[in-house]
1. Starting from the Cα of B:LYS101, draw a straight line to each of the lysines and keep only those under 21 Å, dropping any in the same chain fewer than 8 residues away.
2. I want the local charge near A:PRO277. Using Cβ-Cβ distances under 15 Å, sum +1 for each Lys or Arg and -1 for each Asp or Glu among the other residues.
3. How much solvent-accessible surface does B:SER44 expose, in Å² to the nearest 10, with a 1.4 Å probe and all protein chains in place?
4. About the Cα centre, and with charges only on the beta carbon of Lys, Arg (+1) and Asp, Glu (-1), how big is the dipole of chain A? Nearest 20 debye, please.
5. If the chain between A:ASN61 and A:VAL87 were fully stretched, how many nm would it gain, using 0.36 nm times the residue separation less the Cα-Cα distance?
6. Using a 10 Å cut-off on Cβ to Cβ distances, tally the other chain neighbours for every residue of A:48-54 and report the average as a whole number.
7. Under a cut-off of 27 Å between alpha-carbon atoms, report the lysines in cross-link reach of A:LYS81, not counting same-chain residues fewer than 8 places apart.
8. Using a 7 Å offset from the Cα along the Cα-to-Cβ direction at both A:THR33 and B:THR79, what is the distance between the two label points in nm, to one decimal?
Amino acid sequence: MDSLIEIFLGMWQWLPVAAQTVLVILAQIIAITIPLMLGVAYFTYAERRVIGSMQVRIGPNRVGYFGLLQPIADGVKLFFKEIVVPVKANPLLFYLAPVLTIAPALAAWAVVPFQPGWVVADINLGLLYVLAITSMGVYGVIIAGWASNSRYAFLGAMRSAAQIISYEIAMGFALISVLVAAGSINLTDIVMAQQGSAAHWFVLPLLPIFVVYFISAVAETNRAPFDVAEGESEIVAGFHVEYSGMTFAVFFLAEYANMILICTLTSLLFLGGWLSPFEGIPGLEALFSWVPGIVWLFTKILMMGFMYLWFRATFPRYRYDQIMRLGWKVFIPITIVWLVLVAAAVVAELPWWFD
Amino acid sequence: MNTAVRYLRSLLLLELLAGLALTLKHFFRPKVTVQFPEEQTPMSNRFRGLHALRRYPNGEERCIACKLCEAVCPALAITIDSEEREDGTRRTTKYDVDLSKCIYCGFCEEACPVDSIVLTRHIHYHAEERNGLHYDKQMLLDHGDALETQIAADREQDSAFR
């Protein structure tokens, strides 16, 4: 056994430094992407089960125990389906669009910390990077709608683009409040600024911002009740009507990867990330000190993910003009007012959140 | 004043929270799904499924070829030919039901003076050939023989209302 490790170490040192760097980065990418893809697969399963439960049915339970192999079966099915390119579609853009959609959804994970130190790129402008990268996703949607040469797809893409751009502003203001309160744009530092106890988490002092942020995030990811971009009952499936097989699956993966990303960001920014909820409570803190931080983070991500599904099972779709009104005339004023209040609180060094 | 209250209420998302509470309540309710092949929904004794021809306990077929069922059938699904048997009784030589025509109204059963043609509670049948839903006399008699106890029990249960 020891000799095996020695051989491996020898081979490692024999590699040039450039190759070592590339291999390490590749390993990091795989370590994030594979669990993420599995998470996406089982998020779709959870969605069907949760919505089923809320409609007093069971949901998929036939493939494997409790239907646990259902997402695998769906994936295999999509993998073997034909990819149909519409006549007069622009093939280059048609194939480029899914890639442009999923690339930002995966790239944003580079700066997400899972525990102190567990982050691929611990850059100081983490939050700005996330904002910039996730904004890129709208190109995929627009190009998909344009390249399909279909009116439904084009309408869906137009709606989706307008909606994403509108809510980006409200979301940006909400995030500015957080980083003013935390005094940093580095995601690890933002989590560390919430240390102390569960009452120190930003969800309490920034409660309206938290609500606005999460609703904007639902709109950003084109999920119910803001899913006019897909609008099954109006424009069939929106921007990805013409996509089939794996190209459709890639859009699907990107949507769910974005949802998980938003859940993770919400947990990091507002719910104290990997910090234990029992921090600062005598007795309980020691009792749960053996739990690694990443478990708390996953628990919070799952809670936020459940919120997504809960919303989808509860709310009917917004009308398009109401979505625009909500974004521009309600959320942006609220976030601006609260931003001023938060800034004042930080200047006044209000304990214990803003000191 | 009213406007201010309305704005405040909508900002507090009260109605949305009420909706969320409702769906959460349903989330924990026992599920109503019937898992079909293993479980089946209860069925009335009056259910009108696949047809059958019955016999008397001594084995003699009930049908006397009066053709009332053929006459009453609104879908013209029943075809009957009859002849005198050696013992002088009037019997069918052909009793066909075209299930692809039948609308399962049960008039044939209502019309039958000897309770011969009945609609049973059997529903799990299908056809894989063009004429697979064309049931002849022997098939209907066999089906009646197979289900006789259930058919008799169902008719007994319903006798007070007929």
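The values are calculated or read from the model by the stated rules, or taken from the named source; none is laboratory data. For clarity, every value in this text was computed on a predicted model and none was experimentally measured. Virtual Cβ from ideal backbone geometry, glycine too; neighbours counted across all protein chains shown. In case anyone asks, the SASA skips ligands and DNA or RNA and just uses the protein heavy atoms, side chains included. Shrake-Rupley method; radii C 1.70, N 1.55, O 1.52, S 1.80 Å.
1. Qualifying lysines at Cα under 21 Å: B:LYS67, B:LYS137.
2. Details: positive: A:LYS300; negative: A:GLU279, A:GLU285.
Net of charged neighbours comes to -1.
3. B:SER44 exposes around 60 Å² with every protein chain in place.
4. Computed about the Cα centre, the dipole is about 1160 debye.
5. On the way: separation 26, 0.36 × 26 = 9.36 nm, distance 3.91 nm.
That pair, A:ASN61 and A:VAL87, stretches by 5.4 nm at full extension.
6. 3
7. Here the lysines satisfying the reach criterion relative to A:LYS81 do not exist.
8. That separation, rounded to one decimal, is 6.6 nm.
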